[in-house]
Every structure is written in C-alpha cells, then in structure tokens.
Amino acid sequence: MRYRIEYADGRCCNFANGRNDLLKWLKLLKDETITDIRKLYKSGASDSVMEKYGKYIGKGA
C-alpha cells in the first residue's frame, strides 16, 4: 500500500511505500506540521488515515 504525507502551508508531500516506510517517515518528520496522511489505492482513489497514524506524529514511532 502507498501513502501520501501532506504538509501545512501547501508545501510538497512525501510518499511512503507501505506501513513500515510510513512509520519511518513520521519519525523523521517529527518537527514538521502534517495536515493529512492518505492511503492511495491503485484505482487512484485515496482515504485519509490521519486518525489511525496521527498518534505516531512527533513520536519515536
């Protein structure tokens, strides 16, 4: 599964390939303001998973 990490102020976003990669990014981005984390599907659709992974933001994932 692929994830997109979106930042405040309309800056670029990062992509993570899988859950483990996402958790590594969240650990590295502890000082950034993240506005949303979206799960990307092959069909092009996406769902917000901010509630699920929000607890990892700013922590040592």
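The values are calculated or read from the model by the stated rules, or taken from the named source; none is laboratory data. The structure presented is a predicted model; accordingly, all values stated were derived computationally and were not measured. For neighbour counting, all protein chains shown are included, and Cβ atoms are generated from backbone atoms with ideal geometry for every residue, glycine included. Please note that ligands, DNA and RNA were not included when accessible areas were found on the heavy atoms of the full protein model with its side chains. Shrake-Rupley method; radii C 1.70, N 1.55, O 1.52, S 1.80 Å.
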Notebook entry, point to check: Taking the Cα atoms only, what angle lies between the long axis of helix 19-28 and the longest principal axis of the chain, rounded to 10 degrees?
Noted result: 30 degrees
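Can you pull the Kirkwood radius for the chain, inverse mean 1/r over Cα pairs, to one decimal in Å? Provide the component values of the computation, followed by the final result.
On the way: mean 1/r = 0.0872 Å⁻¹.
Across the chain, the inverse of the average 1/r is 11.5 Å.
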Next item on the list: Return one whole number: the accessible area per residue of the chain in Å², for a 1.4 Å probe.
Entry: 69 Å²
Next item on the list: Would you count, across the chain, every pair of lysines whose alpha carbons are under 22 angstrom apart, provided the pair is eight or more residues apart or spans two chains?
Entry: 16
Next item on the list: Using packing as a proxy for protection, rank 10-19, 28-37, 41-50 so that the peptide with the highest average count of other Cβ atoms within 10 Å comes first.
Entry: 28-37, 10-19, 41-50
